[in-house]
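Scroll down for the structure; my scribbles are underneath it.
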Amino acid sequence: MKSKKKKIEKTVEQTSELKNLKQEIGERFKSFRLDKKKAQHVLASELQVHQSTVTNIERGSTFPKVSYLDYFLKKYGLNLNWLVSGIEKQYMEGTEYKGSSRIMAPDVEYDSHQYDKYQELKTLMRIPVIEQVIFAKLSECKILFKDEIKEYLDNQEKEERGKKIKASRAKVKR
């Protein structure tokens, strides 16, 4: 009986965290819109959706679709990590965001065992309800594995700094 109660408590806690995450994303989405000095109806027009879609995202009622995120990344350089987690700067700089986003085109090698799974995921993401579920699950994972994600990002940052230091030392030696 206790394990069932604990499962229910954990589910309630995760649901609450997910609701909070939707609200946080909505607040950052609104902040982005206001920073760009766009009315809701103007932003909705850019996305070719009803104004209520933008309102629902800003209120935290729904997650923004991945296609919207990709659009904002390409057009405005919106940092998707910032939008989803509040981490990093609001906007990407320079050529960091040119071309496709990592959401729509991550680094998956053609001969990789993950390639077929990636292609399947890419196809399924075109179905709106599946896209929402996947985005919700990804957001849930960001909550559940925040320590692991932070450690991974810190390690990636250290590697990048190491590469830059090596490159600058190589230039000095020439």
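So, residue 103, is that one assigned to a helix (DSSP H, G or I), under 27 Å from residue 35 (Cβ atoms), touching an Asp or Glu at 6+ places or on another chain (Cβ under 9 Å) and modelled with pLDDT under 80 or not? Give the derivation first.
Values: assigned to a helix (DSSP H, G or I): no; under 27 Å from residue 35 (Cβ atoms): yes; touching an Asp or Glu at 6+ places or on another chain (Cβ under 9 Å): yes; modelled with pLDDT under 80: yes.
When the stated conditions are applied, residue 103 does not pass them.
Does residue 51 satisfy being surrounded by 14 or more Cβ atoms within 10 Å (Cβ to Cβ), at pLDDT 85 or above and closer than 25 Å to residue 157 by Cα?
Here the answer is no, as residue 51 does not meet what is asked.
For residue 136, are the conditions met, namely being in contact with a Phe, Trp or Tyr (Cβ under 7 Å, 6 or more places away or on another chain) and either modelled with pLDDT under 75 or more than 23 Å from residue 57 (Cβ to Cβ) (or both)?
yes
List, please: which pairs have Cβ atoms under 6 Å, are six or more places apart or on different chains, and start with a residue in segment 70-87 that is free of Cβ contacts under 8 Å to residues at least 40 places away in the same chain and farther than 16 Å from residue 34 by Cβ and end with one that is surrounded by fewer than 17 Cβ atoms within 10 Å (Cβ to Cβ) and aliphatic (A, V, I, L, M)?
Note: pairs meeting the criteria are 70/104; 81/87.
Looking at (1) modelled with pLDDT under 95; (2) closer than 25 Å to residue 140 by Cα, find the lone condition where residue 76 falls short.
The one condition residue 76 does not meet is (2).
State yes or no: is residue 90 modelled with pLDDT of 75 or more and surrounded by 10 or more Cβ atoms within 10 Å (Cβ to Cβ)? Even if it seems obvious, please write down each step before you answer.
Working: modelled with pLDDT of 75 or more: yes; surrounded by 10 or more Cβ atoms within 10 Å (Cβ to Cβ): yes.
It is true that residue 90 is modelled with pLDDT of 75 or more and surrounded by 10 or more Cβ atoms within 10 Å (Cβ to Cβ).
Taking the condition of being of a type in the set (Val, Ile, Thr), assigned to a helix (DSSP H, G or I) and modelled with pLDDT of 75 or more, how many residues in segment 106-129 meet it?
Residues that pass the stated criteria total 1.
The values are calculated or read from the model by the stated rules, or taken from the named source; none is laboratory data. Everything numeric in this text was worked out from a predicted model, so none of it was measured. Here the Cβ is made from the backbone with ideal geometry for all residues, glycine too, and neighbour counts use every protein chain on show.
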